[in-house]
1. Pop the C-beta distance of residue 82 and residue 36 into the FRET formula with R0 = 25 Å and round what comes out to the nearest 0.05.
2. Go ahead and estimate [θ] at 222 nm for the chain from helices alone: -39,500 (n - 2.57) per DSSP H run with n ≥ 4, summed, over the residue count, rounded to 500.
3. Taking only protein heavy atoms and a 1.4 Å probe, what accessible area per residue, in Å², does the stretch 1-72 have with all protein chains in place?
4. Tell me, in nm to one decimal, what length is gained between residue 8 and residue 103 on full extension, where the rule is 0.36 nm per residue of separation less the Cα-Cα distance?
5. So if the hydrodynamic radius of the chain is defined as the Kirkwood radius over C-alpha pairs, what does Stokes-Einstein give as its diffusion coefficient at 20 °C and 1.002 mPa s, in µm² per second?
6. Hey, what do the phi angles of the stretch 109-118 turn into as Karplus ³J(HN,Hα) couplings, whole Hz, using 6.51/-1.76/1.60 and θ = phi - 60°, x for Gly and Pro?
7. Output ³J(HN,Hα) for the stretch 81-89: one whole-Hz value per residue in order, computed from phi by the Karplus curve 6.51 cos²θ - 1.76 cosθ + 1.60 with θ = phi - 60°, and x for Gly and Pro.
8. Which of the peptides 37-43, 3-9, 80-86 is most tightly packed, and how do the rest follow, going by the mean number of other Cβ atoms within 10 Å of each residue?
Amino acid sequence: MAEQQARIVGFDEIAPNRRRGGDVRALLTPTTAGSTSGFMGMAVVRPGERIGEHYHPYSEEFVFVTDGVFEVDLDGEPHPLRTGQGLFIPKNVRHRFRNAGDVEARLVFHLGPLAPRPELGHVDTEETGDDRDTAPAGAVS
């Protein structure tokens with residue numbers, strides 16, 4: 001097995017993923033950095049946007065809000081989440097993030113351990129209607 005190397009990955013180096021709402025970018029992953037225990041990224045959510053409800057059957061999720069105000073539903077129960085707060089989400093807990101303010105909100109996330117295969121790591125439990133590939137620029141559902 002090859003020796004791991006330190007790696008710096010910039011936010012602008014990763015293409016936006018808007019399939020589930022917001023602008024979600026996984027920066028440090030097995031593909032981009034050679035990580036073996038989990039992955040880390042950032043989500044940028046505009047006012048009125050959300051990241052659709054989902055859960056992770058293999059991973060715990062750690063979230064830290066760097067800017068703005070979110071409301072996060074955990075198994076259907078809403079909770080405020082503000083700048084400077086962290087959140088631990090256990091495996092299999094359904095969660096959805098909404099920007100609850102009037103400015104762009106940002107959070108950093110880390111998930112670990114990795115799922116056996118990438119397609120098993122994230123289970124959507126709702127359609128977001130936020131498919132930016134087909135929505136007009138600036139559209140918010």
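The values are calculated or read from the model by the stated rules, or taken from the named source; none is laboratory data. Here the structure is a predicted model, which means the values were calculated and not measured. Quick reminder, even Gly has a Cβ in these numbers, built from the backbone with ideal geometry, and neighbours come from all protein chains shown. Surface areas here come from the heavy atoms of the whole protein model, side chains and all, with no ligands, DNA or RNA. Shrake-Rupley method; radii C 1.70, N 1.55, O 1.52, S 1.80 Å.
1. Working from the Cβ atoms, E equals 0.15.
2. Only helices count here, giving -500 deg cm²/dmol.
3. In whole numbers, the stretch 1-72 has 53 Å² accessible per residue.
4. 31.4 nm
5. D = 138 µm²/s.
6. 10, 9, 10, x, x, 6, 5, x, 9, x
7. Couplings: 9, 10, 3, x, 9, x, 9, 9, 10 Hz.
8. 37-43, 80-86, 3-9
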